[in-house]
1. So for the range 96-109 (the condition being at positive phi, surrounded by 15 or more Cβ atoms within 10 Å (Cβ to Cβ) and touching a Leu at 6+ places or on another chain (Cβ under 9 Å)), does at least one residue qualify?
2. Determine which member of the set 96, 75 is basic (Lys, Arg) and over 22 Å from residue 158 (Cβ atoms).
3. With respect to residue 146, is the statement that it is within 16 Å of the ligand (Cβ to nearest atom), hydroxyl-bearing (Ser, Thr, Tyr) and touching a His at 6+ places or on another chain (Cβ under 8 Å) true?
4. Would you point out the residue of the range 2-56, among those that are modelled with pLDDT of 95 or more, open to solvent by 50 Å² or more (accessible area, probe 1.4 Å) and of a type in the set (Gly, Ala, Ser), that is nearest to residue 177 (Cα to Cα)?
5. Hey, which of the strands (runs of 3 or more DSSP E) in the range 128-204, taking only ones fully inside, have at least 1 residues that are out of contact with any Pro (no Cβ under 7 Å at 6 or more places or on another chain) and surrounded by fewer than 16 Cβ atoms within 10 Å (Cβ to Cβ)?
6. Looking only at the range 78-94, count how many residues are open to solvent by less than 10 Å² (accessible area, probe 1.4 Å) and in a helix (DSSP H, G or I).
Amino acid sequence: MKIICIGRNYAEHAIELGNKVPKEPLFFLKPETALLPRRNPLFYPSFTSDLQYELEIVVKISRLGKNIQKKFAHKYYDEIGLGIDFTARDIQKQCKKDGHPWEKAKAFDGSAVIGNQYLAKDQLDNLNNLSFQLFKNGTVVQSGNTKDMIFKIDDLIEYVSQYFTLKIGDLIFTGTPVGVGPVQIDDKLEGFLENQKLVAVNIK
Ligand code: MG
């Protein structure tokens, strides 16, 4: 399986990192080894001193497809969840400055944290109006709503499937809202989608 991550999909977040709001989706990949095994803590990597959280809506692909038109994109996923796209921000800044790829900063072991639980798409009223929040040690640090996504889920599926065959089990991290920030050892993160806790991780 592969993990496709969308960047800068919320205007206020693009601006907080000093980026322009994109005219077409920006994406990168994480390998399967980036998935943190369920219920494991994330050990703060030794190669960074600025590990940051990015809470994101995650779409789980349920059907094989290529060159999927937007109008059919909804047939390719049944479940929506939450994930945390962990980023070594100091390394990412250096990669950007050098014009290098981001993988060192974004695709390392444990950098993709997902929950055990997903919500069935059919049980959600409107995919373009889902609220989600990240709590750090019990305090809300990030709060987003899918209505603020620049490119909606079906747009993203159409776009990325031009380049990659989507396979069952692939995950799309759909971008993070404003409010990204650092974590420290012993922090506890919990993500809620429509008030249901779907993801949690401790930093060790
Ligand atoms: Mg992200």
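The values are calculated or read from the model by the stated rules, or taken from the named source; none is laboratory data. The structure presented is a predicted model; accordingly, all values stated were derived computationally and were not measured. Positions of Cβ are generated from backbone atoms using ideal geometry, with glycine treated the same way; all protein chains shown enter the neighbour counts. Areas reflect the complete protein model, heavy atoms only, side chains present, ligands, DNA and RNA absent. Shrake-Rupley method; radii C 1.70, N 1.55, O 1.52, S 1.80 Å.
1. There is no residue in the range 96-109 that is at positive phi, surrounded by 15 or more Cβ atoms within 10 Å (Cβ to Cβ) and touching a Leu at 6+ places or on another chain (Cβ under 9 Å).
2. So the residue among 96, 75 that is basic (Lys, Arg) and over 22 Å from residue 158 (Cβ atoms) is 96.
3. Details: within 16 Å of the ligand (Cβ to nearest atom): yes; hydroxyl-bearing (Ser, Thr, Tyr): yes; touching a His at 6+ places or on another chain (Cβ under 8 Å): no.
In short, no.
4. 49
5. Ranges flagged: 131-136, 139-145, 188-193, 196-202.
6. Here is the first cut: in the range 78-94, the ones open to solvent by less than 10 Å² (accessible area, probe 1.4 Å) are 80-89, 92.
Pick out the ones that are also in a helix (DSSP H, G or I) and you get 89, 92.
The number of residues fulfilling the criteria is 2.
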